[in-house]
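Here's the structure, in structure tokens; my notes come after.
The values are calculated or read from the model by the stated rules, or taken from the named source; none is laboratory data. Please read all numbers here as calculations on a predicted model, not as lab measurements. Heads up, the Cβs are rebuilt from the backbone with ideal geometry, glycines too, and the neighbour counts pull from every protein chain shown. Surface accessibility is based on the protein's heavy atoms, side chains included, excluding ligands, DNA and RNA. Shrake-Rupley method; radii C 1.70, N 1.55, O 1.52, S 1.80 Å.
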Amino acid sequence: MDTLIMVAQLLLGLSILVGLHELGHLLAAKMFGMRVEKFSIGFPPKIAGFKWKETEYSIGTIPLGGFVKISGMVDESLDSEQMSAEPQPWEFRSKPAWQRLIVMLGGIFVNVVTGIIIFVLLVYSKGETYFSRDQVIEHGIVAYDIGEQIGLKDGDKILDINGVPYESLNDLSSGDALLSSGGFYTIERDGERMQIAIPHGFINSFSNEESMSNFINIRFPFAVLETSPDGFAREAGLQKGDKILAVNDNETNYFNDLQSVLAENKGEKVTLTIEREGQELLTDVKVSEDGTIGIAVDNLLEPVRKKYSFAQSIPLGTERAFSIVIINARAMGKMFTGEVSTKNVSGPIGMAKIYGSTWDWTKFWSITGLISMILAFMNLLPIPALDGGHVMFLMYEMISGRSPSDRFLENAQKVGMVLLLAIMVFAIGNDILKLFTGT
């Protein structure tokens, strides 16, 4: 069932984005009087479809893309018979270069607008919920494995990133921070200021969603939320709302303090100092061999919650949408230098895992908005067979006054298709490798 939910979310997200992308091409082409022969979400063989006027609309079996076939255009169909005939006034090749350029940018434009709308609506409907810099400085952090590897420790108070104050806990693991060259965190530890370097290629440590939760978190005061029916805590009489102040006289102001002390006393009996309705009580409890006593806890640290008007959401949502493009462009650039590993390239399996095995509409639209912006960026790359390849050749024509020959465009399209196929095979190979290695 988990796999079905992941696949369903991926297919729905891609169908929406691919459909809108191709619709952008279709509407622009029809606006300039070009004949659109086919519009497909997914690649052949065709599952279903219908014809309206001169255009056949269909859904393909392979849901990893789509296409629009415009008369008189060198595309993935490589229809050389049509291209060898005399140009007709309704064909793509008969129109001015500026009109053809708009048609090729139509899909990218729609994906950008879609991404912006999604993020604007998310900001407006959900606002922001986060732990602030002031809270991080007041309470300090918990450093997990990845954080400890670069020298962070429990209780560190992170003051800034690269000498610049940040806004929220999320900023500490943002792409902007992890991709910085020569980056560093300024921290306060035991009253002393120091710098913790962000290592070259550190972003490679965050190859999946699970690794993000293995970096750092904020320390938080806690209370018992519930006790396990067969756990030692219930046997010892712990109740919902109890605050565990100490274990064997070791103060446990934060949940990570409790975890540390219990880990040191696996299999032992310990004495808890608890606060219940304003009174302090002592109780003995057995610690299991895995260092737990059978409780779930309530985080007593209240996050910052912000709501925005629709007018305020427009610039904030737009900024978030374009920050995704900027970060991906930087990451791609660092792949060429070797700083960012190509193992981070994911295919459909990796994308499905990002959506997750639970259907959360907020998360679904957040990821769909993210993919929409990435799709726009990737399609703008100057690779033949992508929109950006066509844009590159059209810009050459507009500047030089000479258009590349149909034969050259056909050969370029073949090269581009081989290149895209190789990238897809590589991405899917990465996905399969991650499934077997668990990374």
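The GNM of the chain, with springs linking C-alpha atoms under 10 angstrom apart, assigns the highest mean-square fluctuation among Asn328, Asn344, Asn248 to Asn248.
Over all directions, average the projected area of the Cα convex hull of segment 60-216 and note it in nm². Display every interim value, and only then the final one.
Values: hull surface 60.7 nm².
Averaged projected area of segment 60-216's Cα convex hull equals 15.2 nm².
Label segment 15-57 by shape, choosing from rounded, prolate and oblate, from the square roots a ≥ b ≥ c of the eigenvalues of the Cα gyration tensor; if a/c is under 1.5 it is rounded, and otherwise prolate applies when a/b is larger than b/c, oblate when it is not. List each step's numbers first, then the result.
On the way: a/c = 2.63, a/b = 1.29, b/c = 2.04.
Oblate is the answer for segment 15-57, as a/c is 1.5 or above yet b/c matches or exceeds a/b.
Pull out a ≥ b ≥ c, the square roots of the eigenvalues of the alpha-carbon gyration tensor of segment 344-429, then state rounded if a/c is under 1.5, prolate if not and a/b is larger than b/c, and oblate in the remaining case. It comes out oblate by the Cα gyration axes.
Quick one: accessible area per residue over segment 54-162, 1.4 Å probe, rounded to a whole number of Å²? All intermediate terms of the calculation are to be shown ahead of the outcome.
On the way: 4770 Å² over 109 residues.
Per-residue value: 44 Å².
Rolling a 1.4 Å probe over the heavy atoms of the protein chains gives segment 290-429 an accessible area of 55 Å² per residue.
Between the alpha-carbon centres of segment 84-111 and segment 262-323 there is a gap of 57 Å.
Taking only the Cα atoms of segment 175-271, the radius of gyration and Dmax are 18.6, 53 Å. So what's the gap between the Cα centers of segment 391-413 and segment 24-72, to the nearest angstrom? After rounding, the separation between the Cα centres reads 24 Å.
Close amide H pairs (under 5 Å, H built 1.01 Å from N) link Gly65 with Gly42, Phe43, residues at least 5 positions away or on another chain.
Amide H contacts under 5 Å for Gly72: Phe92, restricted to partners 5 or more places along the chain or on a different chain, H placed in the peptide plane at 1.01 Å from N. When a 1.4 Å probe is rolled over the protein heavy atoms, the share of accessible surface on segment 306-439 that falls to carbon and sulfur comes to 72 percent. The phi torsions of segment 319-332, fed into the Karplus equation with coefficients 6.51, -1.76 and 1.60 and a -60° offset, translate into couplings of 4, 5, 4, 6, 5, 5, 5, 4, 5, 5, 5, 5, 5, 5 Hz, rounded to whole numbers, with Gly and Pro shown as x.
Our coupling estimate for segment 50-57, obtained by passing each phi through the Karplus curve with A = 6.51, B = -1.76, C = 1.60 and θ = phi - 60°, is 8, 10, 10, 6, 8, 10, 9, 9 Hz, Gly and Pro reported as x. Here Lys240 is the anchor, and the lysines within straight C-alpha reach of less than 19 Å, apart from those fewer than 8 places off in the same chain, are Lys286.
The three principal axes of the Cα atoms in segment 266-345 give end-to-end lengths of 57, 41, 14 Å, sorted in falling order.
Scanning the chain for trypsin sites (Lys or Arg not before Pro) in DSSP loops with at most 13 other Cβ atoms within 10 Å, what's the longest stretch left with none? If you can, show how the numbers build up before the last one.
On the way: sites that count: Lys53, Lys240, Lys266, Lys307, Arg402.
Between exposed loop sites, the widest span is 54-239.
For Ile295, the residues whose amide H sits under 5 Å from its own are Ser228, ignoring neighbours fewer than 5 places away on the same chain, with H placed 1.01 Å from N.
Set the Förster radius R0 to 35 Å, insert the Cβ-Cβ distance between Lys414 and Ser323 as r into 1/(1 + (r/R0)^6), and round the FRET efficiency to 0.05. With R0 = 35 Å, the Cβ-Cβ based efficiency is 0.45.
Solvent-accessible area of segment 1-60 (1.4 angstrom probe, protein heavy atoms only): carbon and sulfur portion equals 70 percent. Bridgeable aspartates and glutamates around Lys51 (alpha carbons under 18 Å apart, same-chain partners fewer than 8 residues away excluded): Glu22, Glu37. Annotation: per residue accessible area for segment 234-273 equals 56 Å², rounded to a whole number [probe 1.4 Å, protein chains only]. Secondary-structure-derived ellipticity at 222 nm for the chain, considering helices only, amounts to -15000 deg cm²/dmol, per-run term -39500 (n - 2.57) for DSSP H runs with n ≥ 4. Each residue of segment 120-125 was assigned a 3J(HN,Hα) from its phi angle through the Karplus curve 6.51 cos²θ - 1.76 cosθ + 1.60 (θ = phi - 60°); the sequence is 4, 5, 5, 4, 5, 7 Hz, with glycine and proline shown as x.
Highest GNM mean-square fluctuation among Ile187, Ile274, Ile371, for the chain modelled with Cα contacts below 10 Å: Ile274.
Cα gyration tensor of segment 52-144, axes a ≥ b ≥ c as square roots of the eigenvalues: rounded (a/c below 1.5), prolate (a/b > b/c) or oblate? Can you show the working numbers first?
On the way: a/c = 3.49, a/b = 3.07, b/c = 1.14.
Since a/c reaches 1.5 and a/b is larger than b/c, the shape of segment 52-144 is classed as prolate.
With the simple model of a label 7 Å out from the Cα in the direction of the Cβ, Leu245 to Ala48 spans 6.6 nm.
Which FRET efficiency value, to the nearest 0.05, do you get for Arg189 and Ala263 by plugging their Cβ-Cβ distance into 1/(1 + (r/R0)^6) with R0 = 30 Å? Mind showing how you got there, number by number?
On the way: r = 22 Å, r/R0 = 0.72.
It comes to 0.90.
Given Cα pairs under 8 Å that are at least 6 residues apart, what percent is the relative contact order of the chain? So the answer I get is 18 percent.
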